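Presented below is the structure to which this report refers.
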Amino acid sequence: MSEIKSSETLKKKAKAAASKPAAVGEDIDLSAFIGEAEPQSYRADASQLPARAKEQMLGVGVMLDDMRQRTGTYIQTNNTPVHTSATQEGIEVMAVSQAMKKYDWLPDYFWKAVAIDTDKYTASVELGQYDGYFFRALPGVKSQYPVQACLYLAKAQLAQKVHNIIIAEEGSELHIITGCTTALREEPGLHIGVSEFFIKKGAKVTFTMIHSWNPATAVRPRTVAIVEENGLFLSNYVLMRPVRSIQMYPTARCVGENAVVRFNSILVAGPGSSLDVGSRVILNAKGAKTEIISRAITTGGSIVARGYVEGNAPDVKGHLECRGLILSEKGIIHAIPELKGTLAGVDLSHEAAVGKIAEEEVEYLMARGLTRTEATATIVRGFLRVD
């Protein structure tokens, strides 16, 4: 387990924010969780990880037995990196603790996108013991296959703390699949993940995050991407398994002309799950564009689906689309789309809809030979498609 050293100024800010609650969502009592776990053995061959761990990781898109279609792999169990590897020249994959030893300039990237004093969760990462992944595409290099990472929570009552740094240098392309999951069946756990993306001029990053937790896990990701001129950040988030609560509001800042950001989210909340998930984009450069698409289904849980677009430069465009489907009388969906324009010439729009499956649609499919269950499943699959 590694503790990344930071400046005294950052430490002071973190200490000041250590008791600062999040602005929204359930306020988790951090003292109810432990900060350390037993050391984990490093595996040079990721396929030698325990069978159950590999099965859980495969469920969130992380393949360890056959990695021919992966450019790199990072596996962290609890707070310890247990495997890192990269197979393509120009694509760097390593633990943040390792990268800090290799690059003396890396501290300049820490807490430059995410504010260290955002809330007590970001502060706890800085003040506690943590590690995370460092992904970097060198200038002009394009990843042939995705880089994959798994953040695996295996100890009950542990607060897993992760700080990730992702850098796509000028003209590069980086595709990432991150799967977060747990070995715990019913025991509580806490995942706090800070991710800072730096997408340089003309670079492209596709980031797909799949969560599969348990009904007792609380999750608090804190993510910010900074996108420079002609850069692209495409973020996909998928949650279809029960969880105690998730609160996340990833943000992208377009600081270069013609930067593009797209957020796609698919959310399913079962009974007992509380999801507060949104996406926020700040368009601060001429010609920047964004699209935020969210699909939310409740089968008995609570969902707050947020979206925020702010236009502060000429010729920017942004669109929000949030649709919710209620499949249980006890389910709740609260859609909160927000637009803010600060000068003439911005083009911002949104649409939101929450409802239930139309009976005539079900009857239409049943008339063509499907059972009611099959008809409902077909409609739900179509609803969840985010092209």
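List of remarks:
- Across the range 9-118, Cα pairs under 8 Å and at least six residues apart give a relative contact order of 27 percent.
- The order of the peptides 353-363, 306-316 by mean Cβ neighbours within 10 Å, most packed first, is 306-316, 353-363.
- Ranked by the mean number of other Cβ atoms within 10 Å of their residues, highest first, the peptides 133-141, 333-341 come out as 133-141, 333-341.
- Look at the dipole of the range 48-157 built from charges on Cβ: of Val96, Thr122, Val82, the Cα furthest out on the positive end belongs to Val82.
- Shape category assigned to the range 232-387 from the gyration tensor of Cα positions, a/c cut at 1.5: prolate
- For the range 37-196, the dipole from Cβ point charges (+1 on Lys and Arg, -1 on Asp and Glu) about the Cα centre works out to 320 debye, to the nearest 20.
- Residues of the range 286-318 with amide N under 18 Å of the 7 Å Cα→Cβ point at Lys356: 296-303
- Relative contact order for the range 130-202, counting Cα pairs under 8 Å that sit 6 or more residues apart, in percent: 41 percent
- Gyration tensor (alpha-carbon) shape descriptor, the range 302-368, a/c threshold 1.5: oblate
- Dipole moment magnitude, nearest 20 debye, the range 228-387 about Cα centre, only Lys, Arg, Asp, Glu C-beta charged: 460 debye
- Backbone N within the range 215-239 under 15 Å of label point (7 Å from Arg185 Cα along the Cβ vector): 215-216
- Net charge dipole, the chain: roughly 280 debye, given to the nearest 20, about the Cα centre with Cβ charges of +1 for Lys and Arg and -1 for Asp and Glu.
- Table column - 3J(HN,Hα) (Hz), the range 271-279, Karplus curve with 6.51, -1.76, 1.60, x for Gly and Pro: x, x, 8, 10, 10, 10, 10, x, 9
- Cβ-Cβ distance of Leu58 and Lys286, R₀ of 51 Å, FRET efficiency by 1/(1 + (r/R0)^6): the value works out to about 0.70.
- Taking 7 Å steps out from each Cα toward its Cβ at Arg368 and Asp315 produces label points 4.4 nm apart.
- For Gly25, the shell of other residues with beta-carbons less than 15 Å away shows a net charge of +2, using +1 for Lys and Arg and -1 for Asp and Glu.
- Overall form of the chain per C-alpha gyration tensor (a/c, 1.5; a/b vs b/c): rounded
- Calculated P(r) of the range 85-176 - Cα pairs past 14 Å, %: 69 percent
- Taking the DSSP beta bridges with both ends in the chain, the antiparallel portion is around 10 percent.
- For the chain, accessible area per residue (1.4 Å probe, heavy atoms of protein chains only), Å²: 43 Å²
- Taking the range 203-304 and dividing mean pair separation by its residue count, relative contact order in percent (alpha carbons under 8 Å, at least six apart): 27 percent
- Residue with peak Gaussian network fluctuation, the chain [Cα springs, cutoff 10 Å], from Ser279, Ser31, Ser172: Ser31
- Listed peptides 33-43, 201-211, 70-80 by packing density, highest first (mean Cβ within 10 Å): 70-80, 201-211, 33-43
- Its alpha carbons considered, the range 34-100 gives a radius of gyration followed by a Dmax of 12.4, 39 Å.
- With R₀ set to 25 Å, the beta-carbon distance separating Asp108 from Gln129 gives a calculated FRET efficiency near 0.65.
- Couplings 3J(HN,Hα) for the range 137-152, derived from phi with the Karplus relation 6.51 cos²θ - 1.76 cosθ + 1.60 (θ = phi - 60°), are 9, 5, x, x, 8, 10, 5, 6, 10, x, 8, 10, 9, 10, 9, 10 Hz, where x marks Gly and Pro.
- Put simply, the C-alpha atoms of the range 264-345 give a gyration tensor, and the ellipsoid matching it has half-axes of 31, 9, 9 Å, longest first.
- Furthest towards positive pole of dipole, Pro271, Ala113, Ile332, structure part the chain, Cβ charges: Ala113
- Whole-percent carbon and sulfur share, accessible surface of the chain, 1.4 Å: 50 percent
The values are calculated or read from the model by the stated rules, or taken from the named source; none is laboratory data. Bear in mind the structure is a predicted one, so any value in this text is a computation, not a measurement. Note that we place each Cβ from the backbone using ideal geometry, even for glycine, and neighbour counts take in every protein chain shown. Each accessible area value is taken on the protein alone, full model and side chains, heavy atoms only, with ligands, DNA and RNA left out. Shrake-Rupley method; radii C 1.70, N 1.55, O 1.52, S 1.80 Å.
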